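What follows is a short report on a single structure.
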Amino acid sequence: MHQTLKALLILCVGLCSATDVISADEADRQTPPHVVFVTGDEEYRSEESMPMLAKILKRDYGFRVTVCYSLAEDGTIDPNNVSSITGLEALEDADLMVLFTRFRDLPDEQFQHFLDYVATGKPIVGFRTATHAFKFDKNKKHRDWGWKGEKIAQLVGQNWITHHGHFGDGHQQLTDVAVIPEKADHPILRGVKPFKAYSWLYHVQGGGDKLRGDTKPLLTGRALVSNHEMHGKTDRYPLTNPVAWTKTYAGKDGTRGRVFFATTAHPYDFKDASVRKLALNGILWALGMEKRIPPGGANAEIVGEYKPNNSGFGNRFKPNRKPEKL
């Protein structure tokens, strides 16, 4: 009797251990991840590029996708409304947050959803202006998360410092992007070929500046035109800088979440299949689903059409558009 009971206990422990070690890939197949895109920037048309990526993820991977927007009072998309992003409560059950905002000054009830998500240590993907995702001029108690605040730098890898200048916005390619040779086998780079970006190069490292934490660059960009070069400041602001990297960050209980970040995210950049593959591969990697990235990279075929407006401030966004049903 005693031996039989002992055998049953051993069997039970074995079964429990087996269920505890389900791989991330298997778990994702059982319950599709929920990816929440947080948009809201007055310059780079995140309200157009991020829904495009969301549709691909839904089509090819069956993900649940939510896109949060800055809206006007009439419910139309208004990137110039820096004081509100509608729908952030979706982060409560998100498996991944994709952040592409610029200088948002959110009220407590909205920003708390962001803080609660970060506290979980779940993965994050960020694009370009997410280095200065917030700017708390009104809600000053969150200034450490704002422009030049150390918290956002520790989360995504860097603050906004400077870039190499506004030249021919949307009319010429301004940054030559190349794979770092020793990183060529990284899953995020599958199918990603060297490309020229319409984004002017962000300065994130060199001349006394350093990327934060355990950041590991994957791609470098070289400025083809540079305001800093014209003024003889390339020692301070080198012409070559990382444009995509991975890192991790710690949640409240010490859980470490994966982070993928890319600074080349001009709306026209996403017309290039390599840029879309980079973004999609980065999302899959951040979720721990790198086994689902094919050798040639994620399928970057666009759902429908992608004809974004050019970047720029003021009224350059498409007016009278309401959020799409994905």
- line: Counting only residues in segment 188-235 that are modelled with pLDDT of 95 or more and polar (S, T, N, Q), the one farthest from Glu43 (Cα to Cα) is identified as Thr215
task: Take Thr246 and decide whether it is surrounded by 16 or more Cβ atoms within 10 Å (Cβ to Cβ) and free of Cβ contacts under 8 Å to residues at least 12 places away in the same chain.
output: no
field: Filter result (over 14 Å from Lys322 (Cβ atoms), surrounded by fewer than 21 Cβ atoms within 10 Å (Cβ to Cβ), touching a Pro at 6+ places or on another chain (Cβ under 9 Å) and not hydroxyl-bearing (Ser, Thr, Tyr)) within segment 80-94
entry: none
message: Going through Leu219, Leu224, Leu211, Leu287 one at a time, which residue ends up being in contact (Cβ under 8 Å) with a residue 60 or more places away in the chain, among the hydrophobic types (A, V, I, L, M, F, W, C) and buried (at least 17 other Cβ atoms within 10 Å of the Cβ)?
response: Leu287
field: Complete set of residues in segment 272-326 that are within 20 Å of Lys196 (Cβ to Cβ) and of a type in the set (S, T, N, Q)
entry: Ser274, Asn281, Asn310, Ser311
- prompt: Can you name every residue in segment 59-75 that is more than 19 Å from Ala90 (Cα to Cα) and either touching a His at 6+ places or on another chain (Cβ under 9 Å) or not small (Gly, Ala, Ser) (or both)?
  reply: Arg59, Asp60, Tyr61, Glu73, Asp74
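Yes/no matrix, rows are residues, columns are (1) touching a Ser or Thr at 6+ places or on another chain (Cβ under 6 Å); (2) closer than 23 Å to Leu278 by Cα; (3) surrounded by 21 or more Cβ atoms within 10 Å (Cβ to Cβ):
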site	(1), (2), (3)
Leu96	no, yes, yes
Pro107	no, no, no
Gly146	no, no, yes
Leu155	no, yes, yes
Qualifying positions in segment 83-120 - closer than 16 Å to Ile152 by Cβ and small (Gly, Ala, Ser): Ala119
message: I'm told Gly168 meets every condition in (1) in a strand (DSSP E or B); (2) of a type in the set (Gly, Ala, Ser); (3) surrounded by fewer than 16 Cβ atoms within 10 Å (Cβ to Cβ) except one. Can you identify the failing condition by its number?
response: (1)
message: Just to verify a result, which residue in segment 60-79, among those that are among the aromatic types (Phe, Trp, Tyr) and not in a loop (DSSP other than H, G, I, E, B), is surrounded by the most Cβ atoms within 10 Å (Cβ to Cβ)?
response: Tyr69
- request: Restrict the check to segment 80-97 and report whether at least one residue is under 14 Å from the mean Cα position of the chain (by Cα), modelled with pLDDT of 95 or more, closer than 28 Å to Phe313 by Cα and of a type in the set (A, V, I, L, M, F, W, C).
  value: yes
task: Would you confirm whether any residue within segment 139-157 is touching a strand residue (DSSP E or B) at 6+ places or on another chain (Cβ under 9 Å), of a type in the set (A, V, I, L, M, F, W, C) and within 22 Å of Pro308 (Cβ to Cβ)?
output: no
- request: For residues that are buried (at least 19 other Cβ atoms within 10 Å of the Cβ) and free of Cβ contacts under 8 Å to residues at least 60 places away in the same chain, tally how many sit in segment 111-134.
  value: 6
- prompt: Right, Ala153: among the small types (Gly, Ala, Ser), touching a Phe, Trp or Tyr at 6+ places or on another chain (Cβ under 8 Å) and modelled with pLDDT of 95 or more or not?
  reply: no
- request: Just give me the residues in segment 108-138 being in a loop (DSSP other than H, G, I, E, B) and either under 19 Å from Gly288 (Cα atoms) or at pLDDT 95 or above (or both), in sequence order.
  value: Gly121, Lys122, Pro123, Ala133, Lys135
query: Which condition does Lys140 not pass, out of (1) within 25 Å of Arg276 (Cα to Cα); (2) more than 18 Å from the chain's Cα centre (by Cα), if it passes all the others?
result: (1)
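Take residues that are among the β-branched types (Val, Ile, Thr) and tell me which of the strands (runs of 3 or more DSSP E) falling wholly in segment 212-322 contain 3 or more. First the steps, then the outcome.
Details: elements: 216-223, 240-250, 256-262.
The qualifying strands (runs of 3 or more DSSP E) are 240-250.
The values are calculated or read from the model by the stated rules, or taken from the named source; none is laboratory data. Computed from a prediction, not measured in an experiment: that's the story for all the values here. Positions of Cβ are generated from backbone atoms using ideal geometry, with glycine treated the same way; all protein chains shown enter the neighbour counts.
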